[in-house]
Amino acid sequence: MGIQFIDLKAQFAEMEQDIRAAMDRVLAHGRFIMGPEVAELEKKLAGFCGVDHCVSCSNGTDALLMPLMALDVGPGDAVLTTPFTFIATAEVISLLGATPVFVDVDPRTFNMDPVALDQTLADMGGAASGSPLPKGARGLHPRGVITVDLFGQPADYEAINEVAARHGLFVMEDAAQSLGATYQGRPVGNHGLCAATSFFPAKPLGCYGDGGAVLTNDGDLADTLRSIRVHGKGSHKYDNARIGLNARLDTLQAAVLLAKLPHLPAELEARQRAAETYGRLLDDVKYVTAPDLAPGRTSAWAQYSVLSELRQGIMDFLKQRGVPTAVYYPLPLHLQGAFADLGYRKGQFPIAERCAEIIFSLPMHPYLDQATQEIVVRAIGDAVAKLT
Ligand SMILES: *Cc1c(COP(=O)(O)O)cnc(C)c1O
């Protein structure tokens, strides 16, 4: 079999017995909606992340949406986030009628730049330091910040939380790619009001369908989220306290995740080793910049993303050699048609735009061996030699 970008088959081969047994238990008890595995998973995940509450849900996008609903984010509100992320991060803001306000990223970590966040907030308040703002931004009420832990590396929470606190804003982590990563020694989920994560199959902890969860130390928020995920239920099933969603995690998916969770620490270590090996091998390759971890952070290495002006040539060459690659993300969100109404223009977020032009990701998963990584990096070296 060829080189896999993310090797879910190798993982299944490793855990097949546990996963089949867990799924069989659900088939036997038949409680497919909110069965006992759901609560068990929430308890174990909260323990794993060192948070008081884990509220599972249908996918990572709903995990982002539900806290915004709980906080009554809506028309007239602004939520600040990065343009260099997956559409879901900002989509949930618009879905509630609020306005996404983008903030450029740091060129080394690809995560939100706290200085740019501070400047954007100052400009929304009437200062004029030249931050790009969406149409009508000066009349909006800034409510919160959604940071993204892109590719698995946590954002700069100390600096971002300081800015957010000064402006009275909540901070929500988009931890869809960073479950298991740490910032200043503490796991994601502890660095803002809450964190949203995803169990999409390709994420660091993936199920066999859609799934997600919110992690938080705020008990009131957790209670509201538990209500929102079941149609805004009140004290019983046919008492509806608020408008909610049908956003539960399937019991079968919880069972898959329960079988996989005990393996996650070893998988995270294997990803870290693979990242170190790539870093070492890429040291000898010119025209390709390997990713960096900022001080005080560990990454879940959801992706291993490199920068190169020669991106297209290298990717084409690697494809011929049977090495899969991918681009996350080819178009920053402020230039997406879905956000055309915001009135942003090309050139306004130069770092995100530059990254989108030259970034690409190499095969990365816990079952990647050094011999395969040597093949990948040798192919990159050969491509660079041919292209320069
Ligand atoms: C995957 C992802 C999401 C959405 O998760 P789903 O489970 O697919 O809804 C949100 N944000 C980021 C950064 C992601 O990578």
### Query
Here are some pairs, LYS9/LYS44; LYS286/LYS386; LYS203/LYS237; LYS9/LYS43; LYS44/LYS203; LYS135/LYS346; which of them have Cα atoms lying more than 22 Å apart in this structure?
LYS9/LYS44; LYS203/LYS237; LYS9/LYS43
### Task
Could you line up TYR238, TYR329 from fewest to most neighbouring Cβ atoms inside 10 Å?
TYR238, TYR329
### Message
What is the distance in Å between the Cα centroid of the range 16-68 and that of the range 234-273?
### Response
3 Å
#### Entry: Prolate/oblate/rounded call for the chain, Cα gyration tensor, a/c under 1.5 rounded
oblate
#### Entry: Ellipticity estimate at 222 nm from DSSP helix runs (n ≥ 4, -39,500 (n - 2.57)) divided over the chain, nearest 500
-12500 deg cm²/dmol
### Query
So for HIS334, HIS29, fewest C-beta neighbours within 10 Å to most, what's the order?
HIS29, HIS334
### Query
Between PRO142, PRO134, PRO107, which gets the highest mean-square fluctuation from a Gaussian network model of the chain, Cα cutoff 10 Å?
PRO107
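How would HIS263, HIS191, HIS141 line up from fewest to most surrounding beta-carbon atoms within 10 angstrom?
Least crowded to most crowded, the residues run HIS141, HIS263, HIS191.
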### Local net charge near ILE351, Cβ-Cβ under 13 Å (Lys/Arg +1, Asp/Glu -1)
-3
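Counting other Cβ atoms within 10 Å of each Cβ, which trypsin sites (Lys or Arg not before Pro) in the range 33-134 have at most 15 and sit in a DSSP loop?
Here the sparse-neighbourhood loop sites are ARG108.
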### Message
How would the range 250-308 be classified by its alpha-carbon gyration tensor: rounded, prolate or oblate, with rounded meaning a/c under 1.5 and the a/b versus b/c comparison settling the rest?
### Response
prolate
### Summary
One finds the C-alpha centres of the range 284-313 and the range 210-225 to be spaced, in Å, by 32 Å
#### Entry: Sparsely packed trypsin sites (Lys or Arg not before Pro) within the range 171-246, loop by DSSP, other Cβ within 10 Å at most 10
LYS237
### Task
Name the shape class, rounded, prolate or oblate, that the alpha-carbon gyration tensor gives for the range 273-372, where a ≥ b ≥ c are the square roots of its eigenvalues, rounded holds for a/c under 1.5, and otherwise prolate holds if a/b is larger than b/c and oblate otherwise.
prolate
## Note on the structure
Percent antiparallel among DSSP beta bridges confined to the chain, rounded to 5, stands at 60 percent
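Where a number appears in this text, it was derived from the coordinates with a stated rule and is not lab data. Source: prediction; values computed, not measured. Because the Cβ atoms are built from the backbone with ideal geometry, glycine has one as well, and the counts that use them run over all protein chains shown.
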